[in-house]
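Here the structure comes first, spelled out in structure tokens, and everything after it is commentary.
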Amino acid sequence: MRQRIMHHGARRRRERRRRAVWTGGELLVTMGVVLLLLVAHQLWWTNREAREGAQRRVEALEREWARGGGGGTDSGSQEAEESRESEVSRGTGVSGESRDSASGQDLRAAPGSAAVTPDLSQAYAVLSIPRLHLRVPVAEGVGKRSVLNKGYVGHYPGTGQPGGAGNFALAGHRNTHGEPFRYINRLMPEDTVRVETRSAVYTYAVDRTLRQTSARDSGVIGPVPRSTLHPSYGYTAPGHYLTLTTCTPEYTSRYRLVVWGKLVSTRPR
């Protein structure tokens, strides 16, 4: 009976291949675990952390306002507010259509008409959208680290202030970091959006939506908001506008989704 002869060289090569396959498998498993942890951090932990922080800031603003302290910025004097209320009650002043506008977190805002500008990154108002069960702080600026990644909604510098003539334009994350604007695509005409400041509550009614436009379409946040790329979307006359912008499609930042509203009421706090 002939015995099979095993050469030590062949055995060593086979052993090295097994070790290489085993090591490669371990590396792939480790990389998979790391990627899962990163995804969990982005999709779960950043949302939890940002939402909790945003809720604390809303509560802090409400305490400041209840004490009669600072922390809020309004768009004009009491006389101007009374004039706007009168215009709203007559159905004028805030019902006209306009043209010019844009959306997206890297847009450059057109000059606005705000008389008083909050400090950069300061939270000074609260945005409430009943349909979305959303209540978040509004801060000056659209910087990611200083504003948006905190779960706040950011006000485009240079655009109008709450309740004022022109366009009060806001940006917010659609995914991760609290994702306050994740579902603004669900807003329908006549849905209400409230903006609360230290001395007043401004109510806007959703009017129209631009489902997708370029991140560079700065017309959508103009004083008279109107898309420069899709001119049929937007307005043609001055008014009191609200613009909400976020990224689209979800989990990308290639395009912008825009929702517009018009001021329908103003009341003192």
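Taking the average, over residues, of other Cβ atoms within 10 Å as the packing measure, peptides 135-143, 11-19, 47-55, 232-240 rank 135-143, 232-240, 47-55, 11-19 from highest down. Ranked by the mean number of other Cβ atoms within 10 Å per residue, highest first, peptides 188-196, 144-152 order as 144-152, 188-196. Label separation (A205 vs E64): 3.2 nm, computed from points 7 Å beyond Cα along the C-beta direction. Annotation for V21 and D119: the two label points, set 7 Å from Cα along the Cα-Cβ direction, are 6.4 nm apart. Potential lengthening of the chain between Y251 and E190 amounts to 19.2 nm, from the contour at 0.36 nm per residue minus the alpha-carbon distance.
Label-to-label distance, A10 versus L229, with points set 7 angstrom from Cα along the beta-carbon direction: 6.5 nm. Stretched out straight at 0.36 nm per residue, the stretch from H133 to R48 would grow longer than its current Cα-Cα span by 29.0 nm.
None of the figures in this text is laboratory data; all of them are computed from the coordinates on show. Every value quoted in this text rests on a predicted model; they were computed, and no experiment measured them. Note that each Cβ is placed from the backbone with ideal geometry, even for glycine, and that neighbours are counted across all protein chains shown.
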